[in-house]
1. In nm, what is the difference between 0.36 nm times the number of residues separating residue 60 and residue 36 and their Cα-Cα distance?
2. With Cβ to Cβ distances under 15 Å as the rule, what net charge do the other residues near residue 46 carry (K, R +1; D, E -1)?
3. Would you list, by chain and number, the lysines whose Cα falls below 16 Å from the Cα of residue 50, excluding same-chain residues fewer than 8 positions away?
4. Using the per-residue mean of other Cβ atoms lying within 10 Å as a proxy for protection, in what order, highest first, do the peptides 45-58, 27-40 fall?
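Please treat every number below as a calculation from the coordinates, not as lab data. These figures come from a predicted structure and were not determined experimentally. With ideal geometry, Cβ positions are generated from the backbone for all residues, glycine too; neighbour counts draw on all protein chains shown.
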Amino acid sequence: MNSWNHVDSLCTDGTSSMLSEVRFTTLMNKRALHIISTVCVLHRHVLASKALPGYLKIVLKHVTECVNFIRARACVSEVFKKMN
């Protein structure tokens, strides 16, 4: 029995050690073609923010602070969930 049959997807941090040609993700895909490989959303955020111009980094920082503020307060977060 192939244990890769039990794996549906893989989430990595996006480093070259995980994504380059001779690294884990490539080797994994050679053994199990059905596995979907993605980069973690939080790591994408960090990677994307490194390439942003200064004025957009400030905007992203403020948006992140607003989201964290809302999520940190359960009552406020529930109000936003009910608005959807």
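1. 5.8 nm
2. Net charge in that neighbourhood comes out at +3.
3. 61
4. 27-40, 45-58
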